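Working notes, beginning with the structure itself.
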Amino acid sequence: MQQLDLSLFYALHNLAGQSALLDTAIIVCAEYLIYAVLLGVVAAFALAWKKGEREHVMGYCLALVAALVARYGIASLIRHFWHRARPFSALNIPHLVADSAYSFPSGHTIFMFALATVILHFNKKFGWALMATGLLIGAARVAAGVHYPSDILGGIVLGILTGAAFVWLSKKIFR
């Protein structure tokens, strides 16, 4: 399994350094695309608020809380106990993005998939678009040298579980 992880890592990481344009795209996706996603969610929230769509407003709030709990609660807790070095550090290879935290799970990916999972329950198109964007961000972080594919997979699974738990709990509490 570790060999598959490394093989997939090198397949994506070898995209880095091919051209300045590709490196820029990798950096933008790995570091900054998540902020564009947050702006999109805030815009969707504002539009739902303006239209008086109370359930969507509550859904966006729930999605943001789930994403923050996933990233700053669950991911941080796991990293406190499981110290997996970043690939660029462990493999002593060049990288496009630096990060000093431990590698597993991917904080960006767990955030994106918790957010997307909750939104998927009330806005299918936006939820699926967020999941696709989460995959793009995860792949870019592997290409940038800051995550292994298993870090991304862990973030996906934990993000989906966190989002689903928040949806389940909200149904139990608010009904």
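What to note about this one:
- Candidates Gly159, Phe126, Gly59 compared by Cα position along the dipole of the range 2-174: farthest toward the positive end lies Gly59, with charges placed on Cβ.
- Centre-to-centre, using Cα atoms only, the range 26-45 and the range 102-118 are separated by 13 Å.
- Only helices reaching 15 angstrom along their own axis (Cα) with mean Kyte-Doolittle hydropathy no lower than 0.0 count here, and for the DSSP H runs of the chain these are 2-13, 33-51, 54-69, 107-120, 124-143, 149-174.
- Stokes-Einstein D for the range 2-174, Kirkwood Rh over Cα pairs, 10 °C, 1.306 mPa s (µm²/s): 97
- Neighbour-count ranking [beta-carbon atoms within 10 angstrom, fewest first] of Thr117, Thr24: Thr24, Thr117
- Radius of gyration and Dmax over the Cα atoms of the range 110-171, both given in Å: 11.9, 39
The numbers here are math on the coordinates, done by the rules we state, and not lab data. Because the structure is predicted, anything quoted here is derived from the model rather than measured. Heads up, the Cβs are rebuilt from the backbone with ideal geometry, glycines too, and the neighbour counts pull from every protein chain shown.
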